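Here the structure is laid out as structure tokens; the discussion comes afterwards.
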Amino acid sequence: MRKNLPLVVITLLALATLCIAQTGATSKSKSKKAGSSIDQIIIGKSKETWEAYKSRNIAAMKALTAEDYASNSLTGASNLQQDIATIDKLTIENYTLDDAKVSMVTKDVVILRYRCDLKGSYDGKPFKPVYATEVWVNRGGKWQIVSYSETPVS
């Protein structure tokens with residue numbers, strides 16, 4: 001029996017490694033599926049926010065936007081109160097969220113990045129395509145946008 005001990009140990013180690021590899025693969029596929037789900041949720045929330053601004057739906061804007069929201073866009077810095085106060089200057093005809101990428105920072109913080117081709121104007125000045133970054137937080141089970149920033153597409 002002692003002669004076979006190294007062979008038994010090697011076999012057990014090989015089996016343990018195989019089991020661990022299988023568990024790791026299963027965990028990775030589950031987390032990928034969960035990531036896909038959160039991707040859809042956050043991209044959907046972003047579109048809801050764009051629709052709220054497009055339709056000038058202040059109740060929806062407030063529901064989707066955190067009180068500590070801050071924005072740095074090509075039209076300047078603002079917060080939710082300023083956005084609501086100047087909503088009559090905003091005209092959104094159409095928008096696209098292209099190449100959207102979602103990054104989970106923590107279970108309650110997500111970053112969304114995309115290219116936005118916005119048709120419309122602010123205070124009579126037409127929009128230009130931008131790269132947009134949004135930060136979303138989950139507070140009490142409710143995802144809200146806390147930060148939005150734009151970089152012009154060159």
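Take the cross-link list K89/K125; K54/K125; K47/K142; K107/K142; K101/K125 and give me the ones stretching past 21 Å between alpha-carbons.
Values: K89/K125 10 Å; K54/K125 16 Å; K47/K142 16 Å; K107/K142 12 Å; K101/K125 28 Å.
With Cα atoms farther than 21 Å apart: K101/K125.
Round to the nearest 0.05 the FRET efficiency obtained for S147 and L74 when R0 = 22 Å and r is the Cβ-Cβ distance.
Details: r = 16 Å, r/R0 = 0.71.
About 0.90, to the nearest 0.05.
Suppose we look only past 18 Å in the calculated P(r) of segment 30-117. What percent of the Cα-Cα pairs does that tail hold? Intermediate results must be reported in sequence, preceding the final value.
On the way: 1916 of 3828 pairs.
Roughly 50 percent, once rounded to a whole number.
Readers should treat all values here as calculations from the given coordinates under stated rules, not as data from a laboratory. From a predicted model like this one, the values you see are computed outputs, not experimental measurements. Note that each Cβ is placed from the backbone with ideal geometry, even for glycine, and that neighbours are counted across all protein chains shown.
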